[in-house]
Amino acid sequence: MTPRSIATLAAAVLLLVAAAGFGAAALRTPSPPSPLGAGFGPGPVVAHQPRTSLWAPIAEDFVPGVDPSSANACIAGDDRCLEAVVGEMQARLEELGCEHTAPFAFTYLETTRGVEEHLARDGFFVDPPELAHLDALFAVLYFDAIDNWRAGRIDEVPPAWQVAFEAADREQVSAATDVMLGMNAHISRDLAYAVAQLLATTPDPHTADTTDFFRIDEVIAAVQDPMLVGSGQRFDPRLSTLAETLIPAGAEVDSVALIALWREQAYELGLRLATAKDHAARAAVAAEIERASFASAVMILNVEASIDLGLDVDERRRYCEQQLNTTPAANDDIG
């Protein structure tokens, strides 16, 4: 990534974060739960409580590294892996109802459904098993974070996720801000760790084929509009036009390109983490990941004070509850 693209990404966090400043600087930066992230030590990477019968046996002994002969669907990277991930996400979304963590859970589910659909297309991905495996590693980091938070294991929750979940619990921000906080924690923080976990199992991370990783940008481009329409129908009508709200008229870059830059930076951080020469070097990269994602989360909170991003809290709950009570089947089938 060039210095210019890094500056563009850091200045944006979906283009607005730079203008927000550090008005919430009074927030204390929490300590990350681990300097290395899950998956670098022995044993399974999973800490959450599975919700579905398809995901539970996968989670029981899921570790980084593709092995086509494994009976674990996500270690083998076979068709059952994404089916199980999507099913687990769906079950978790249904649990959340109109909680403020639900809009991100919805957008994440719909994006993963898009990945599942593209995995079924012959030739779209170069290495479907590896891509499915990476997708599962990525999902585990979110499942672990939210389950640790809900169980009160706050010290086990990464700093960027602490900001997102605390904002959701307080119910004081818009649905758009909840989505952006979740995206920030999961892309700028979790994705770097998921990439590192995968690359650490390859012979030479520096020469790993990145085709499939960056082809996900095409999936995001395909699902973004219907995903935002679906989230708007379920949680807040303003979410349907979130991309246009965040990107000023005349801007030279769209929201898909900005997310692609965000993902590119996560890959580079993951590569640095996977190839760090020793524990101290890995800890330094991990600390950089935690600091940057936390800082972005703080700046996203400031967007709420400068831009009207949607319904107020009471209107938002009434709207969501009405939608769930009147059209549950339609909301569940959006994709």
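Quick notes on this structure:
- When residues of segment 230-244 are limited to those that are among the hydrophobic types (A, V, I, L, M, F, W, C) and part of a helix (DSSP H, G or I), the one surrounded by the most Cβ atoms within 10 Å (Cβ to Cβ): Leu239
- Counted residues, segment 257-275 - those being touching a helix residue (DSSP H, G or I) at 6+ places or on another chain (Cβ under 6 Å) and surrounded by fewer than 18 Cβ atoms within 10 Å (Cβ to Cβ): 1
- Entirely in segment 120-229, the helices (runs of 4 or more DSSP H) that have 2 or more residues that are under 26 Å from Arg291 (Cβ atoms) and without any contact (Cβ under 8 Å) to a residue 60 or more places away in the chain: 128-150, 159-170
- Failed criterion for Asp144 (all others in (1) touching a helix residue (DSSP H, G or I) at 6+ places or on another chain (Cβ under 6 Å); (2) within 23 Å of Phe213 (Cα to Cα); (3) not hydrophobic (A, V, I, L, M, F, W, C) hold): (1)
- Subset of segment 50-62 [assigned to a loop (DSSP other than H, G, I, E, B) and under 13 Å from Ala139 (Cα atoms)]: Pro50, Phe62
- Number of residues in segment 95-118 that are touching a residue at least 60 places away in the same chain (Cβ under 8 Å), within 23 Å of Ala175 (Cβ to Cβ) and over 17 Å from the mean Cα position of the chain (by Cα) equals 3.
- Any hit, segment 175-182, residues being touching a Ser or Thr at 6+ places or on another chain (Cβ under 8 Å), buried (at least 21 other Cβ atoms within 10 Å of the Cβ), at pLDDT 95 or above and of a type outside the set (A, V, I, L, M): yes
- For segment 34-45, a residue qualifies if it is at pLDDT 55 or above and surrounded by 21 or more Cβ atoms within 10 Å (Cβ to Cβ), and exactly one does: Val45.
- Odd one out for Ala194 among (1) at pLDDT 95 or above; (2) surrounded by fewer than 21 Cβ atoms within 10 Å (Cβ to Cβ); (3) under 24 Å from Leu273 (Cβ atoms): (2)
- Selection status of Pro128, at pLDDT below 95 and either buried (at least 22 other Cβ atoms within 10 Å of the Cβ) or closer than 26 Å to Leu269 by Cα (or both): no
- Residue pairs whose Cβ atoms lie under 6 Å apart, separated by 6 or more positions or on different chains, with the first residue in segment 72-89 and without any contact (Cβ under 8 Å) to a residue 24 or more places away in the chain and the second in a helix (DSSP H, G or I), are Asn72/Ile58; Ala73/Ile58; Ala73/Arg80; Ala73/Cys81.
- Matching residues in segment 195-229 - criterion: being among the small types (Gly, Ala, Ser) and touching a Gly at 6+ places or on another chain (Cβ under 7 Å): Ala196, Ala222
The values are calculated or read from the model by the stated rules, or taken from the named source; none is laboratory data. Remember, predicted model here, so these are calculated numbers, not experimental data. No Cβ is skipped: glycine too gets one built from the backbone with ideal geometry, and neighbour counts run over all protein chains shown.
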